[in-house]
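Heads up, the thing below is written out as structure tokens.
The values are calculated or read from the model by the stated rules, or taken from the named source; none is laboratory data. Since we're looking at a predicted model, the values are computed, not measured. We place every Cβ from the backbone using ideal geometry, glycine too, and count neighbours over all the protein chains shown. To get the accessible areas, we keep the full protein, side chains included, count just its heavy atoms, and leave off ligands, DNA and RNA. Shrake-Rupley method; radii C 1.70, N 1.55, O 1.52, S 1.80 Å.
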Amino acid sequence: MMATMPVTSAGQDVAGRLLSDGYVVVTGMMTPDGVRDAQADLGRLLDVTRTGRNSFEGFATQRIYALFAKTRVFDAAATHPLLLGVLDQVLGHYQLSAPVGICIGADEKAQVLHRDDAIYPVPEPHPPLVVNTMWPLDEFTAQNGATRFIPGSHRWEPGRRPGPGDPVETAVMSPGSALFYLGSLWHGGGANHTSRPRLGVILEYAAGWLRPQENHCLAVPRDVVRDLPERLQELLGYNIYPPFVGYVDGSHPRRVLSADS
Ligand SMILES: O=C(O)CCC(=O)C(=O)O
């Protein structure tokens, strides 16, 4: 049975479950209106988004990169108080790493199981480096490509890889919920055996001292960033990791946004 908690839970409790199981589903993270707006605006973007270039991206899957350059419908989600409360506990200082809309098309094959933090050459075991969240915008089912994962696999000994006997779970969930999972949890997009696409958005966060997966300072135009709430600006790279990793000309990068306004 998948671990599910309500949005009214304390950040500390959700973080505790995330650290022990490697994942947790939180219900009530987005309002029905928020879900409708997100579905509509991402639909607009999908009309002009190509399909993947390799089996990892998925040849029948569309990925909306540079998400915060293209839509405002995930601004509130990215700074949701419960999400930030969990990140405070698990990562301490953090930034957005890979915010991506993922639309798994009809007849797509299952994505290979992987760990999101494996892109960083840090010897295992290591403290949490990456926390990811998946926000379904369609019903996620075992048939249409819901995210698959192996509970507890974030605790595996270094070098262990998934095998045929490992228990793979499916994140069956509804729009409005979010799946939180650690970067060291083995997981992947499922196969879509239906004739309809499966849309979801990942908001992935990484420790503030790492290089984020997407370079938001280049991907999101400065004119767009300037109008965003300050916490979101910080999460998009206009921040330092104390005492001064990420400075610009000796100052906090926030100064860049005010200097040329
Ligand atoms: O689409 C999904 O359910 C997961 C995708 C994923 O894990 C990835 O692309 O890294």
Quiz item: Which of rounded, prolate, oblate describes segment 22-124, given a ≥ b ≥ c as roots of the alpha-carbon gyration tensor eigenvalues and a/c under 1.5 marking rounded, otherwise prolate only if a/b is larger than b/c?
Solution: oblate
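Of the accessible area of segment 187-239, with the probe set at 1.4 angstrom, what percent is carbon plus sulfur?
On the way: 1170 of 2380 Å².
Carbon with sulfur: 49 percent of the solvent-accessible area.
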Quiz item: How much FRET efficiency would the formula 1/(1 + (r/R0)^6) give for residue 161 and residue 126, where r is the Cβ-Cβ distance and R0 is 22 Å, rounded to 0.05?
Solution: 0.80
Quiz item: Per residue, what volume in Å³ does the convex hull of the Cα atoms of segment 177-261 enclose?
Solution: 148 Å³
Practice problem: Evaluate the relative contact order of segment 33-169 (contact order divided by residue number), counting alpha-carbon pairs under 8 angstrom at least 6 apart; express in whole percent. | Solution: 23 percent
Self-check item: Within a Gaussian network of the chain (alpha carbon springs, distance under 10 Å), most fluctuating of 62, 143, 233
Solution: 143
Quiz prompt | residue 245 versus residue 46: modelled label distance in nm, points set 7 Å from Cα along the beta carbon direction | solution = 3.7 nm
Quiz item: Using a Gaussian network for the chain with springs between C-alpha atoms less than 10 Å apart, which of these wobbles most: 93, 80, 216?
Solution: 80
Quiz item: With all pairs of different alpha carbon atoms counted, what Kirkwood hydrodynamic radius in Å does the chain show?
Solution: 18.8 Å
Quiz item: Exactly which trypsin sites (Lys or Arg not before Pro) in segment 1-90 are in a DSSP loop and have at most 10 other Cβ atoms within 10 Å?
Solution: 50, 53
Quiz prompt | Solvent exposure of the chain as accessible area per residue, Å², 1.4 Å probe | solution = 47 Å²
Practice problem: Could you rank 65, 238, 247 by how accessible they are, 1.4 Å probe, largest area first? | Solution: 247, 65, 238
